[in-house]
Ligand SMILES: CC(C)(COP(=O)(O)OP(=O)(O)OC[C@H]1O[C@@H](n2cnc3c(N)ncnc32)[C@H](O)[C@@H]1OP(=O)(O)O)[C@@H](O)C(=O)NCCC(=O)NCCS
């Protein structure tokens with residue numbers, strides 16, 4: 001039944017809403033694939049639930065849902081029509097998830113939820129929320145803060161979200177491919193001489209790992225994110241630090257998951273990619289294929305992965321942002337929602 005999105009009530013998402021948000025997610029996404037006669041991608045509600053929990057833990061003020069209006073005494077809870085959630089680290093804002101049930105789409109609800117998640121960057125009070133008119137000059141400055149950036153990853157099969165975010169200055173810039181497969185043995189070279197890889201667990205106790213990770217993240221992504229590194233440690237991803245052997249200077253880091261997912265990987269020098277991918281792949285023995293998300297601009301990683309035998313799967317995402325996101329040429333994201 002067609003809902004009336006214009007009458008929907010917006011309120012913050014609470015932990016108890018997570019299962020219904022997961023239901024909205026699949027309700028909104030599945031028709032995109034059905035319409036194109038494509039297979040529905042495998043479901044992973046548990047990991048989506050963990051992601052939503054992480055977003056609520058650290059960015060609760062940017063997590064909103066919309067529900068149908070209900071009358072007092074109504075026996076049923078109001079139907080959840082959509083939700084949106086973003087995160088902010090330092091002056092970077094990122095839209096993680098925005099989904100509206102099919103019967104409530106194209107009525108302005110996606111836009112209303114998006115605006116609720118918009119950043120609270122320094123200067124936001126004067127500039128207003130985000131980039132109301134999509135002025136490219138304002139967008140170049142990062143919207144509501146001179147040094148800031150607003151970004152997200154859209155599905156390339158979905159013009160509505162791509163257009164909606166672009167109208168606020170988050171224009172589609174970099175394709176993000178999913179590469180899957182089994183690397184042929186010996187297809188990645190060793191790390192160059194003078195570069196060593198050490199598991200996070202094997203680092204000296206007095207080595208300041210959070211500081212090293214923050215410096216690499218700031219250099220490549222523009223912000224530090226200790227919250228995510230703590231999450232990945234809890235999820236038992238195997239972290240590896242790459243260092244210059246003679247003086248121990250950090251050159252980058254990467255994670256390998258027991259499931260076979262490689263990422264995030266952040267290397268200050270892109271020529272390290274083939275060797276670093278080999279080192280990361282060697283850290284885990286997954287039950288199925290390896291999976292890596294590769295930005296189109298990460299030339300070295302893409303060529304190394306394809307030559308090793310991995311293949312692109314599905315439609316690429318598109319990283320959209322208010323200004324060019326420097327550093328993606330030396331980076332492999334962890335996921336679409338939490339790159
Ligand atoms: C994408 C989605 C969140 C948008 O929410 P919505 O409530 O349907 O959208 P709204 O009515 O608020 O906004 C629609 C806007 O999209 C833009 N838009 C729509 N079609 C467009 C097109 N073909 N080209 C460019 N822009 C387009 C316009 O700005 C439009 O606003 P207008 O109607 O005022 O001109 C929702 O449709 C959805 O959940 N889709 C399926 C799942 C999905 O793809 N989620 C996003 C993952 S990245």
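The values are calculated or read from the model by the stated rules, or taken from the named source; none is laboratory data. What you see is a predicted model, and the numbers here were worked out from it, not measured in a lab. Positions of Cβ are backbone-derived with ideal geometry, glycine not excepted, and every protein chain shown enters the neighbour counts.
When residue 238 is tested against (1) touching a residue at least 60 places away in the same chain (Cβ under 8 Å); (2) surrounded by fewer than 23 Cβ atoms within 10 Å (Cβ to Cβ); (3) touching a strand residue (DSSP E or B) at 6+ places or on another chain (Cβ under 8 Å), only condition (1) is not met.
Mind listing just one residue for me: the one in region 298-315 that is crowded, with 20+ Cβ neighbours inside 10 Å and more than 17 Å from residue 216 (Cβ to Cβ) and, of those, farthest from the chain's Cα centre (by Cα)? Walk me through it before giving the result.
As a first pass, look at region 298-315 and keep what is crowded, with 20+ Cβ neighbours inside 10 Å: 298, 301-302, 304-305, 308, 310.
Checking the rest, the ones that are also more than 17 Å from residue 216 (Cβ to Cβ) come to 302, 304-305, 308, 310.
Details: 302: 19, 304: 23, 305: 21, 308: 25, 310: 21 Å.
The selected residue is 308.
Which of the residues spanning region 286-326 are within 21 Å of residue 213 (Cα to Cα) and either assigned by TED's automatic domain parsing to the domain that holds residue 89 or touching a strand residue (DSSP E or B) at 6+ places or on another chain (Cβ under 8 Å) (or both)?
As a first pass, look at region 286-326 and keep what is within 21 Å of residue 213 (Cα to Cα): 292-295, 298, 301, 325-326.
Residues satisfying the conditions are 292, 293, 294, 295, 298, 301, 325.
Among the residues making up region 34-46, a single one is surrounded by 12 or more Cβ atoms within 10 Å (Cβ to Cβ) and assigned to a helix (DSSP H, G or I): 45.
Would you check if residue 107 is within 16 Å of the ligand (Cβ to nearest atom), in contact (Cβ under 8 Å) with a residue 12 or more places away in the chain and assigned to a loop (DSSP other than H, G, I, E, B)? So residue 107 passes the test.
Can you say whether residue 31 is surrounded by fewer than 20 Cβ atoms within 10 Å (Cβ to Cβ) and more than 20 Å from residue 164 (Cα to Cα), as far as the supplied structure shows?
no
Residue count for region 136-186 under the criterion of being in contact with a strand residue (DSSP E or B) (Cβ under 8 Å, 6 or more places away or on another chain) and either at pLDDT 90 or above or within 10 Å of the ligand (Cβ to nearest atom) (or both): the result is 29. Restricting attention to region 7-24, the residues that are in contact with a helix residue (DSSP H, G or I) (Cβ under 8 Å, 6 or more places away or on another chain) and over 19 Å from residue 59 (Cα atoms) add up to 1.
Residues that are part of a loop (DSSP other than H, G, I, E, B) and touching a strand residue (DSSP E or B) at 6+ places or on another chain (Cβ under 7 Å) do not occur anywhere in region 19-26.
Only a single criterion out of (1) in contact with a helix residue (DSSP H, G or I) (Cβ under 7 Å, 6 or more places away or on another chain); (2) within 13 Å of the ligand (Cβ to nearest atom); (3) modelled with pLDDT of 95 or more is not satisfied by residue 31, namely (3). Here residue 52 passes the criteria (1) closer than 30 Å to residue 313 by Cβ; (2) away from the ligand (no atom under 16 Å from the Cβ); (3) in a helix (DSSP H, G or I) except the one numbered (2).
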